[in-house]
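Contents: one structure, followed by commentary.
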Amino acid sequence: MSEYRDPELVEKCLEALQKTVTRRWTIMEVCGGQTHSLVKNGLLNLMPPEINMVHGPGCPVCVTPLHLIDKAVWLAEEKGVILCSFGDMLRVPGSERSLLESKASGADVRILYSPLEAVKIAQDNPDREVVFFAVGFETTAPANALSVLHAHRAGVKNYSILASHVLVPPAIEAVMNDENSVIEGFLAAGHVCTIMGISEYYPLVERYKVPVVVTGFEPVDLLQGILMTVQQLEKGEHRLENQYTRVVPPEGNPEAQKVIHQVFETTDREWRGIGVIPMSGYAVRPEFAAYDATLKFEMPETKAEESTECIAGLVLKGQKKPHECPQFGKKCTPQFPLGAPMVSSEGACAAYYHFSQAMEMV
Amino acid sequence: MQLQCPMPQLDFDKIMLGHGSGGVLTHKLLESGIFELFKNDLLDERHDGAIFSLPAGTRTAFSTDSYVVSPVFFPGGNIGELAINGTVNDLAMCGANAQYLSLGLILEEGLPMQAFWDILVAIKFAAQKAGVQIVTGDTKVVERGKGDQIFINTSGVGTVHPKAQIGFRQVEAGDKILISGMVATHGVAIMSVREGLEFETTLESDTCNLNHTVMQLLDAFGEKIHLLRDPTRGGVATTLNEIARDTRLGIDLWQKNIPVSEAVAGACELLGLDPLYVANEGIFMAFVAADVADACLEQLRSLEYGAQAAIIGEVVEAHPRQVVLTSKIGGKRVVNMLIGEQLPRIC
């Protein structure tokens, strides 16, 4: 791993990038993990100024719709379930409060690293309902699907998932279909492709005539991915390339895909800040309805109002940079976020909150 | 280090509400347990408080801290030694050598007597190691469910080293920042137990008393040491931000110099944590005048708990009130204070 953080290699990549680039290019890295790494390693201010990186919708926490967070809060507070979630999700504000605030006022909210732990909790607490808040891209879908299969096989009846899975290719489509889009190339998310393979991206490359490079997360990975994209752009080409071959086989992980398709089916999904994107998410298949929290519990239809001051949608589509928002760093900070991209460490606004301060300083 | 004292014969195998009532049970617990274990002249008076004089003409430091760690027993120690080392180290950061401590125990009904005893023994040996006496104390018992097994408060007084001139007002641009050991060790050790994670190597807390090391540094470098801080809660990043804010100076931090053990770095990666924000116990940072920084580092490396010491940054005039990290690959970013608690991320 450390070779992908090697300062000399980074230096070489930067030189190559400098030699290759002749004009301004706008490239979107889709995944929030990549955004985080670009910022954390200070790469954005090391690259030639012609490279304009914009930050994509690939932060699962950021795009989880408000009403779903409200539902999770409702389950924890009103239904008294043991609500399990990945840590990131806890701080995201719902329309009234976040899960972290629910936890503070006594709800049983637990941070887990794997949904399989939630099944174990359900087995240990047979008299309680346990719900796992299953958010994430294709990357976390296999584990969440597996938890349902596991519960099913073990005859665990008090376990269900509140699923909000989203998919990368339809998101790229939505970004490109937007008439205001200025994006000329994409870094696709390496981890997602580890599961799904790369074939889903060929049609996108053809339809939108944009280079897509499957890219990893370390500094050298990112710079290589950006270099490969720029090389294509400079030559006027558009191809699908794989920078992350050490981890991503072309076919992905067929076993994991099988598990996903066994439990989930593709469905229209609402993305916070963007709206409904057709066939962009996973829902639990009817044969596993007993494990679908939205069916298991009769949830009140809540009308969740987004903050009118938050421009998360434009940020997630790469049309505005976080610091172009009038509330950025003023009314909206990681401590008191108006919208989700300011919350998660992978959200572009939170990442920029740190970085823009560095910019002022330089 | 496994240190043992035989547990006295007590009538119950767990803590009962009666142990805090002030009646017979309390007396038995104190007489055959606590007083015997911590025996010293001041405590033996069995008064409501300890009466003592401090050497004339010396400055005195006074500090207090409460300990609520969960789990109570963790790899590398337990809440007992944490409670001693924590307050001893807070005093050391004032340039003072801890002399007398108070010990406040809040026990939850049902705490196994053996666990309680093990914690007391850890307290005894930690105090002995640090050269500090427990001279007064208090024990309360709360109903089951009203506490988390055991909470401890310790307060302490110590005499300030005659050469010490420590405070954020002494910090000036050009000062070098020394760290005495590996960062994030304690926090990751606790987290790994709490989250039920197992790693190939056992991660142990580095809790220890820093007073002897700090006193030796002060002997040698006196007023050249401008500030001492132990980066406990919020980690190195939060502590440095506090200092940048208070001094209105900037701090440059060099990632390649920050010592992190491989096991801890790996665990942080897995958990999605930044080692700079993880709590520490057994390390301290020293802001020292640039002209003695190298000599100070060399001495620190020869002292107890200082073998891994490093110079991790410096104080600058530029970017006042901000901490700026130069990453291993040469990029720069601002390091902010920790917001809320560090939460593991998703993918």
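Structure above, values below:
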{"quantity": "Residue that is surrounded by the most Cβ atoms within 10 Å (Cβ to Cβ) [pool: residues in the range B:49-70 that are out of contact with any strand residue (DSSP E or B) (no Cβ under 8 Å at 6 or more places or on another chain) and of a type outside the set (A, V, I, L, M)]", "calculated": "B:Ser70"}
{"quantity": "Qualifying positions in the range A:36-53 - open to solvent by less than 10 Å² (accessible area, probe 1.4 Å), more than 20 Å from the chain's Cα centre (by Cα) and within 12 Å of chain B (Cβ to nearest Cβ)", "calculated": "A:Gly42, A:Leu43"}
{"quantity": "Residue within the range B:73-87 that is more than 19 Å from B:Gly167 (Cβ to Cβ), open to solvent by 60 Å² or more (accessible area, probe 1.4 Å) and of a type in the set (Phe, Trp, Tyr) present", "calculated": "yes"}
{"quantity": "Any strands (runs of 3 or more DSSP E) falling wholly within the range A:146-259 and containing at least 2 residues that are farther than 26 Å from A:Thr22 by Cβ", "calculated": "A:159-166"}
{"quantity": "Close pairs from the range A:1-20: first over 16 Å from A:Leu44 (Cβ atoms) and in contact (Cβ under 8 Å) with a residue 60 or more places away in the chain, partner among the acidic types (Asp, Glu) and open to solvent by 70 Å² or more (accessible area, probe 1.4 Å), Cβ under 9 Å, at least 6 apart", "calculated": "A:Met1/B:Glu269; A:Leu9/A:Glu3"}
{"quantity": "Residue that is of a type outside the set (S, T, N, Q), buried (at least 16 other Cβ atoms within 10 Å of the Cβ) and more than 21 Å from the chain's Cα centre (by Cα), where the choices are A:Ala122, A:Ala104, A:Ala141, A:Ala134", "calculated": "A:Ala122"}
{"quantity": "Condition check for A:Lys330: assigned to a helix (DSSP H, G or I) and either surrounded by fewer than 19 Cβ atoms within 10 Å (Cβ to Cβ) or modelled with pLDDT under 85 (or both)", "calculated": "no"}
{"quantity": "Residue that is in contact with a Cys (Cβ under 9 Å, 6 or more places away or on another chain), on the phi < 0 side of the Ramachandran plot and at pLDDT below 95, where the choices are A:Val276, A:Val248", "calculated": "A:Val248"}
{"quantity": "Residue check for B:Gly330: at pLDDT below 95 and either assigned to a strand (DSSP E or B) or within 14 Å of chain A (Cβ to nearest Cβ) (or both)", "calculated": "yes"}
{"quantity": "Candidates A:Ala350, A:Ala283, A:Ala304, A:Ala312 - the one that is touching a helix residue (DSSP H, G or I) at 6+ places or on another chain (Cβ under 8 Å) and either closer than 19 Å to A:Ala141 by Cα or within 13 Å of chain B (Cβ to nearest Cβ) (or both)", "calculated": "A:Ala350"}
{"quantity": "Residues satisfying the stated conditions in the range B:126-143, i.e. in contact with a helix residue (DSSP H, G or I) (Cβ under 9 Å, 6 or more places away or on another chain) and open to solvent by 50 Å² or more (accessible area, probe 1.4 Å)", "calculated": "B:Lys129, B:Gly131, B:Gln133, B:Gly137, B:Lys140, B:Glu143"}
{"quantity": "Elements of type helices (runs of 4 or more DSSP H) contained in the range B:211-321, each with 3 or more residues being within 14 Å of chain A (Cβ to nearest Cβ) and either open to solvent by 10 Å² or more (accessible area, probe 1.4 Å) or out of contact with any Pro (no Cβ under 7 Å at 6 or more places or on another chain) (or both)", "calculated": "B:235-247, B:262-271"}
{"quantity": "Whichever residue in the range B:34-63 is part of a loop (DSSP other than H, G, I, E, B) and polar (S, T, N, Q) and, among such residues, is farthest from the chain's Cα centre (by Cα)", "calculated": "B:Ser53"}
{"quantity": "Boolean, A:Thr245 is without any contact (Cβ under 8 Å) to a residue 60 or more places away in the chain and β-branched (Val, Ile, Thr)", "calculated": "yes"}
{"quantity": "Sole residue being of a type outside the set (Ser, Thr, Tyr) and closer than 19 Å to A:Trp25 by Cα, chosen from A:Val192, A:Val156, A:Val205, A:Val166", "calculated": "A:Val205"}
{"quantity": "Qualifying residue in the range B:148-156 (condition: of a type in the set (A, V, I, L, M), open to solvent by less than 40 Å² (accessible area, probe 1.4 Å) and over 17 Å from the mean Cα position of the chain (by Cα))", "calculated": "yes"}
{"quantity": "Sole exception among (1) modelled with pLDDT under 90; (2) facing another protein chain (nearest Cβ under 7 Å) for B:Glu341, by number", "calculated": "(2)"}
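Conditions (1) within 21 Å of A:Leu316 (Cβ to Cβ); (2) crowded, with 20+ Cβ neighbours inside 10 Å; (3) facing chain B (nearest Cβ under 10 Å), marked per residue:
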position: A:Glu11; (1), (2), (3): no, no, yes
position: A:Arg23; (1), (2), (3): no, no, no
position: A:Gln34; (1), (2), (3): yes, yes, no
position: A:Thr64; (1), (2), (3): yes, yes, no
position: A:Lys79; (1), (2), (3): no, no, no
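The values are calculated or read from the model by the stated rules, or taken from the named source; none is laboratory data. Owing to the predicted nature of the structure, the values given are computational and were not obtained by experimental measurement. Glycine also receives a Cβ, built like all others from the backbone with ideal geometry; neighbour counts cover every protein chain displayed. Heavy atoms of the whole protein, side chains included, go into the accessibility calculation; ligands, DNA and RNA do not. Shrake-Rupley method; radii C 1.70, N 1.55, O 1.52, S 1.80 Å.
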